[in-house]
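S.K.: The following block contains the structure, expressed as structure tokens.
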Amino acid sequence: MEGFQREPLEYTKHGLARKTQRGLAQGDVEFIISHGTDVGSGAYLLTNKDVSWLIVQCKRKVAQLQRWLAEGLAEEANRIAQAVLAECRAEMHKAERLRNVKVVVAGKHIVTGYATTPRAQKRSLRWAKGAGLGLGAALG
């Protein structure tokens with residue numbers, strides 16, 4: 001779903017209360033929707049598999065940039081590389097923090113968000129797989 005442009009999401013009264021109660025930041029819901037697994041009925045779950053895939057992608061990018069930095073790039077390229085490294089590290093940290101969080105969206109409204117238990121996560125993923133939705137990060 002990355003690169004897909006969608007309308008800005010708005011919180012319902014309940015969704016805003018849950019966001020505040022559960023410590024979700026402004027961009028967290030969008031992060032989960034864009035990097036998580038669609039488990040149907042407007043629900044998105046950031047699974048362990050999604051997080052692992054994101055971390056592997058970031059580590060590859062970081063390793064490549066560090067090789068380029070070791071080769072001694074020009075000053076401007078060095079600054080850009082440092083900014084990309086910082087962004088990648090922040091994304092990995094966010095993915096770790098949001099692991100196993102599920103959000104429910106109805107249309108352009110965020111209904112709720114919560115941390116799933118392992119049992120509830122398995123149930124959601126089994127249902128999504130049965131419905132042909134559980135594709136997750138494999139398609140990236």
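FYI, it's all coordinate maths here, none of it is from the lab. Fair warning: this is a prediction, and the values are worked out from it, not measured in the lab. Note that we place each Cβ from the backbone using ideal geometry, even for glycine, and neighbour counts take in every protein chain shown.
S.K.: Angle between the Cα long axis of helix 75-97 and the longest principal axis of the chain, 0 to 90 degrees, nearest 10?
M.R.: Helix 75-97 and the main axis of the chain meet at about 30 degrees.
S.K.: Residue by residue through the range 55-67, what is 3J(HN,Hα) from phi via Karplus (6.51 cos²θ - 1.76 cosθ + 1.60, θ = phi - 60°)? Round to whole Hz and write x for glycine and proline.
M.R.: Values per residue, Gly and Pro as x: 5, 4, 4, 5, 5, 5, 5, 5, 4, 5, 5, 5, 5 Hz.
S.K.: Which far-off residues, 5 or more places away or on another chain, put their amide H under 5 Å from the one on ALA106, with H placed in the peptide plane?
M.R.: VAL111
S.K.: Give, in nm to one decimal, the length gained when the segment between ALA25 and TRP68 is fully stretched (0.36 nm per residue of separation minus the Cα-Cα distance). Please report the intermediate quantities before stating the final value.
M.R.: Values: separation 43, 0.36 × 43 = 15.48 nm, distance 3.33 nm.
So the chain would gain 12.1 nm between ALA25 and TRP68.
S.K.: Something else: Would you calculate, for the chain, the mean residue ellipticity at 222 nm contributed by helices, counting each DSSP H stretch of 4 or more residues as -39,500 (n - 2.57) and dividing by all residues, to the nearest 500? Don't jump to the answer; show the numbers that get you there.
M.R.: Details: 5 runs with 76 residues, N = 140.
Counting only the DSSP helices, I get -18000 deg cm²/dmol.
S.K.: Follow-up question, since we're still on this one. Find which of VAL62, VAL84, ALA95 sits farthest along the positive direction of the dipole of the chain, computed with +1 on the beta-carbon of Lys and Arg, -1 on that of Asp and Glu, about the Cα centre.
M.R.: Positive-most Cα among the choices belongs to ALA95.
S.K.: With a point put 7 Å past each Cα toward its Cβ, work out how far LYS108 is from LYS13 in nm, to one decimal.
M.R.: 2.1 nm
S.K.: Next question. Under a GNM of the chain (C-alpha, springs under 10 Å), which listed residue has the highest mean-square fluctuation: VAL84, VAL51, VAL101?
M.R.: Top of the fluctuation ranking is VAL84.
S.K.: Name the most mobile residue of TRP127, TRP53, TRP68, meaning the one with the largest mean-square fluctuation, in a Gaussian network model of the chain with Cα contacts below 10 Å.
M.R.: For the chain, modelled as a Gaussian network with Cα springs under 10 Å, the answer is TRP68.
S.K.: Taking the Cα centre of the chain as origin and charging only Cβ (+1 Lys, Arg; -1 Asp, Glu), how large is the dipole, in debye to the nearest 20? Display every interim value, and only then the final one.
M.R.: Values: 22 positive and 13 negative charges, 174 e Å.
Computed about the Cα centre, the dipole is about 840 debye.
S.K.: Stretch ALA86-ALA120 to full length: gain in nm at 0.36 nm per residue minus the Cα-Cα span? Please list the in-between numbers first.
M.R.: Numbers: separation 34, 0.36 × 34 = 12.24 nm, distance 3.37 nm.
Using 0.36 nm per residue and subtracting the Cα-Cα distance, I get 8.9 nm.
S.K.: Helix 118-130 versus the longest principal axis of the chain: what angle, 0 to 90°, nearest 10, using Cα atoms?
M.R.: Value to nearest ten degrees: 90.
S.K.: Report the Stokes-Einstein translational diffusion coefficient (µm² s⁻¹, integer) for the chain, Rh taken as the Kirkwood radius over Cα pairs, at 4 °C with viscosity 1.567 mPa s.
M.R.: Numbers: Rh = 16.3 Å.
Result for D is 80 µm²/s.
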